[in-house]
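Worksheet: the structure to be examined is printed underneath.
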Amino acid sequence: MTGNPQLTADGRLRHLLSIEGLPAEILVQILDTARSFVSVTEREVKKVPLLRGRSIFNLFFEPSTRTRTTFEIAAKRLSADVINLNIATSSQTKGETLLDTVANLTAMNADMFVVRHAESGAPHLIARHVGPHIHVVNAGDGRHAHPTQALLDMYTIRHYKGGFDQLRVAIVGDVLHSRVARSEIHALTTLGVPEVRVIGPRTLIPAQVERLGVRVYHDMAQGLRDVDVVMMLRLQNERMDGALLPSAQEYFNHYGLTAAKLALARPDAIVMHPGPMNRGIEIESSVADGAQSVILPQVTFGIAVRMAVMSILAGNQG
């Protein structure tokens, strides 16, 4: 029996909780499956019957527009029945526990839970308490992980760069509070990217992050030199305690992505951002909307990647 709660006894994907601990073969399987779904999103009739009759519950205990919407679109394109639980008006506000909520929804014949929660580990807790036929997808938990965002970003990188084994990738900004950054680092290193850099002020870089196999830069000009991919991060103001930044303007001066700073990267470098963007703080509009930006394709690819994750999970029972 495997020790990874995300995998079945024979090594197939049962839940998607974190990129950490997943073998490269599973990540590649998801990316390859997503490629077939990209064409579905371009058709006039955008539905396939793979999840017909399945019930997918979106449990978003934290605000989200883009992630919740793309999961909903992905599930509907797979012909699933989608139930969006508005947690603010649910029994959670009356004191019902997370596991009570899940148990009641399970009694309604749920097949899959897509969970976003402010507490790190909440999707793992749910995964430990559901039956073998129910699948859990982590749509972001606290400061811990956001695996489908990392996967859609890996799809985007592979789409534009062809592979991973010769790339230099920079992740820029608030790495400390970013669940996206943690998932990105695990995905990039697992897929064989030889050089992953993190760039940011000392107050926003986790201690000992080098142990994850990255190189740390506090100077943006040095960090961006000759990189192939620039992944900007949103400033997580809602997760910051105290004054970690002197001012938004000073942050932009040092770590905001401008055309001049981007010119230090390779000429064909792509610019990514998980959104939502703080224009004029993390990235200037001319770069966000410029020729090297792939920020909107990331969103489009995100639907296909989430379709891939849900279809693979639904096909792996037991």
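Side notes on the structure shown:
- Residue match in the range 31-51 (condition: free of Cβ contacts under 8 Å to residues at least 40 places away in the same chain, more than 17 Å from the chain's Cα centre (by Cα), open to solvent by 60 Å² or more (accessible area, probe 1.4 Å) and closer than 30 Å to Leu99 by Cα): no
The rows are residues; the columns are (1) modelled with pLDDT under 95; (2) assigned to a strand (DSSP E or B); (3) at negative phi.
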{"position": "Gly223", "(1), (2), (3)": "no, no, yes"}
{"position": "Asp226", "(1), (2), (3)": "no, no, no"}
{"position": "Val230", "(1), (2), (3)": "no, yes, yes"}
{"position": "Leu235", "(1), (2), (3)": "yes, no, yes"}
{"position": "Leu245", "(1), (2), (3)": "yes, no, yes"}
{"position": "Lys261", "(1), (2), (3)": "no, no, yes"}
{"position": "Arg266", "(1), (2), (3)": "no, no, yes"}
{"position": "Ile303", "(1), (2), (3)": "no, no, yes"}
{"position": "Met310", "(1), (2), (3)": "no, no, yes"}
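- Long-range neighbours under 7 Å by Cβ, at least six apart or interchain, first residue among the basic types (Lys, Arg) within the range 139-154, second surrounded by fewer than 24 Cβ atoms within 10 Å (Cβ to Cβ): Arg143/Ser120; Arg143/His177; Arg143/Arg179; Arg143/Arg239
- Summed over the range 52-68, residues that are touching a Gly at 6+ places or on another chain (Cβ under 8 Å) and open to solvent by 60 Å² or more (accessible area, probe 1.4 Å) total 1.
- Of the residues making up the range 190-203, one or more are at pLDDT below 95, part of a loop (DSSP other than H, G, I, E, B) and in contact with a Leu (Cβ under 8 Å, 6 or more places away or on another chain).
- Residue within the range 41-61 that is at pLDDT below 95, in a loop (DSSP other than H, G, I, E, B) and under 16 Å from Val137 (Cα atoms) present: yes
- Checked against the criteria, Phe71 does not count as under 18 Å from the mean Cα position of the chain (by Cα), at pLDDT below 90, aromatic (Phe, Trp, Tyr) and buried (at least 17 other Cβ atoms within 10 Å of the Cβ).
- If you go through the range 101-133 and pick out every residue that is in a loop (DSSP other than H, G, I, E, B), within 17 Å of Ser18 (Cα to Cα) and aliphatic (A, V, I, L, M), you end up with 1.
- Evaluation of Leu204 against (1) of a type outside the set (Gly, Ala, Ser); (2) farther than 26 Å from His117 by Cα; (3) buried (at least 19 other Cβ atoms within 10 Å of the Cβ) (one fails), failing number: (2)
The values are calculated or read from the model by the stated rules, or taken from the named source; none is laboratory data. Just so it is clear, the model here is predicted, and its values are computed rather than measured. Please note: Cβ atoms are built from the backbone with ideal geometry, for glycine as well, and neighbour counts cover all protein chains shown. Just the protein is used for accessible areas: all its heavy atoms, side chains included, with ligands, DNA and RNA removed. Shrake-Rupley method; radii C 1.70, N 1.55, O 1.52, S 1.80 Å.
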